[in-house]
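Where a number appears in this text, it was derived from the coordinates with a stated rule and is not lab data. Source: prediction; values computed, not measured. When we count neighbours, we look across all protein chains shown, and the Cβ atoms used for this are built from the backbone with ideal geometry, even at glycine.
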Amino acid sequence: MDLLNKFLGFELLSIGEYSLRVGTLVLVLIIIVLTKLILWGIKKSIFRKKRISKFNEGNIYSLYQILTYIVWVVAFGLILETLGIKVSLLIAGSAALLVGIGLGLQQTFNDIVSGIILLSERSIRVADILEIDGGILKIQEIGLRTSKGLNTDNISIIIPNSLITTNKVINWSHQRKQNRFRIEVGVAYETDVEFVIKILEESAREHPEVNAEKLVEARLVNFGNSSLDFQVLFYSSTIFGSDRMKSDIRRIINRKFIENNISIPFPQMDVHIRTNEKRGD
């Protein structure tokens with residue numbers, strides 16, 4: 001027992017009045033091990049709860065992320081106290097420094113606050129499909145400062161969380177299973193309107209990912225400067241591959257237009273030049 005006490009009391013480092021002993025390092029290691037055990041127990045518990053209550057995977061992941069950050073913050077505070085560093089004095093003494101750092105890292109703090117909001121409100125979950133600034137991506141991970149998503153080009157993108165909370169975001173995963181899409185096209189003025197509507201509706205129905213049982217409707221929406229402007233509206237359960245689906249339908253429309261001699265006009269301008277002729281005396 002005396003040998004153990006001597007070992008734990010062995011001084012590793014001494015700076016002025018401060019000394020670091022083996023026992024202190026052992027306590028730090030115990031705190032780290034206990035923290036990991038607590039997190040392991042939390043993970044086992046909440047994922048077991050998911051199987052029982054059928055929670056959404058994104059909800060469980062978000063809850064685990066929040067608990068992980070809280071547990072590690074508490075553990076870090078305990079480690080500092082164990083090492084003889086008073087957390088309260090440290091915070092009070094560095095208040096001015098923290099203010100300066102806070103101003104410099106304002107955007108980072110905004111991202112962190114946004115991450116806490118996302119993780120707590122759970123309005124966006126892992127595997128949700130979002131439309132942000134016209135781009136569509138599938139959320140893979142929601143972190144405290146950033147989130148990771150996969151776009152339609154299969155490229156992984158890191159997104160600051162503040163971009164999600166401060167911008168207009170469409171969460172397609174919150175919509176109905178069948179979503180309504182539209183494609184716009186213009187044709188020459190001399191074209192038969194009813195015939196164009198028929199071709200547009202047939203083109204949409206030809207695509208296998210379009211729900212032909214729901215309403216497929218083409219409309220004349222505007223008399224443009226150079227064209228009659230149409231829209232074709234249809235329903236589909238395809239979200240993440242909607243750009244590809246729309247491209248396929250546009251190709252079908254173009255093929256049918258060529259087969260039926262329907263032209264898609266380009267903007268043009270007629271210029272009339274008036275000349276002043278000099279009359280002889």
For W172 and I258 in the same chain, what is the full-extension length gain: residue separation times 0.36 nm, less their Cα-Cα distance, in nm? 27.5 nm
Can you work out the FRET efficiency for the pair V113 and L29, with r the C-beta to C-beta distance and R0 = 35 Å, to the nearest 0.05? 0.60
Per the 1/(1 + (r/R0)^6) rule, R0 = 30 Å and r from the Cβ atoms of R244 and F266, FRET efficiency to 0.05 is 0.70
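Using 20 Å as the Cα-Cα cut-off, could you pick out the over-long pairs in K198/K246; K214/K256; K214/K246; K138/K168? Show your work: numbers first, answer last.
Working: K198/K246 18 Å; K214/K256 22 Å; K214/K246 17 Å; K138/K168 16 Å.
Where the Cα-Cα span goes over 20 Å, the pairs concerned are K214/K256.
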For I38 paired with E190, estimate the spin-label separation in nm (one decimal), with each label point 7 Å from Cα along the Cα-to-Cβ line. 8.1 nm
Nitroxide proxy distance, nm - points 7 Å out along Cα→Cβ at I70 and L150: 3.1 nm
